[in-house]
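The values are calculated or read from the model by the stated rules, or taken from the named source; none is laboratory data. Fair warning: this is a prediction, and the values are worked out from it, not measured in the lab. Counting neighbours? That spans all protein chains shown, and the Cβs are built from the backbone with ideal geometry, glycine included.
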Amino acid sequence: MQVKANQPSLHDTIIALCDTARPFERARTVDANKRLRHETRTLELFRPGDRLAGTEWAGHVALVMRVNRETWKRDPSTGLWNRTRETSYHVANVVIDATTAATAIRAHWGIENRLHYVKDTAFAEDASRIRVNPGVFARLRSVAANLLRFNKAENIANTRYRLAIGGIDALRQLRFM
């Protein structure tokens, strides 16, 4: 689970722990030249010890993780590379090795990018004014996205547009099984 600033006491405690303790394991991954990006991630694992004693998190957190990301993004118009740095903090209720933790954290972003981002952009879910049973429509958007992916759509928004202008003939070409 990622720890964010909306949990201020846990967030501050985790940051202080990572700043003062020594990690017991590290892992480094590099994604080179993917979509005009070069990203290096360094994951460090910490044991919480008694840092969370007396808090509601005591006994629930067995592992603290810090991920430092350094990303170089190439600007296609200038050809120059711009660097950004970001640090995120995560906790787990079991102790796992650094490679497994890095894979799990990275896989979580796959969900964010493949589902939430698509629903926000291609289906404009955040702009929806539906107030009665919004969960039903959220599920319908998920079904639609999954149906388009099943039909090998690489760009959901573009495929929705092509289906809309193609009429009933375009819809008949969709496979459901």
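Summary table
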read-out	value
Neighbours by Cβ (under 6 Å, 6+ apart or cross-chain): first from the range 31-59, assigned to a loop (DSSP other than H, G, I, E, B); second exposed (fewer than 13 other Cβ atoms within 10 Å of the Cβ)	Leu52/Ala58
Residue selected from the range 84-120 under the condition part of a strand (DSSP E or B) and without any contact (Cβ under 8 Å) to a residue 24 or more places away in the chain, by the criterion farthest from Ile14 (Cα to Cα)	Thr84
Residue tally, condition among the hydrophobic types (A, V, I, L, M, F, W, C) and modelled with pLDDT of 95 or more, over the range 28-60	3
Test result for Arg114, among the charged types (D, E, K, R), modelled with pLDDT under 90, more than 18 Å from Lys4 (Cα to Cα) and more than 20 Å from the chain's Cα centre (by Cα)	no
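Results for (1) surrounded by 11 or more Cβ atoms within 10 Å (Cβ to Cβ); (2) among the small types (Gly, Ala, Ser); (3) under 30 Å from Arg26 (Cβ atoms), shown as yes or no for each residue.
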site	(1), (2), (3)
Ala98	yes, yes, yes
Thr103	yes, no, yes
Gly110	no, yes, yes
Tyr117	yes, no, yes
Arg131	no, no, no
Phe150	yes, no, no
Asn158	yes, no, no
Ala164	no, yes, no
Arg172	no, no, no
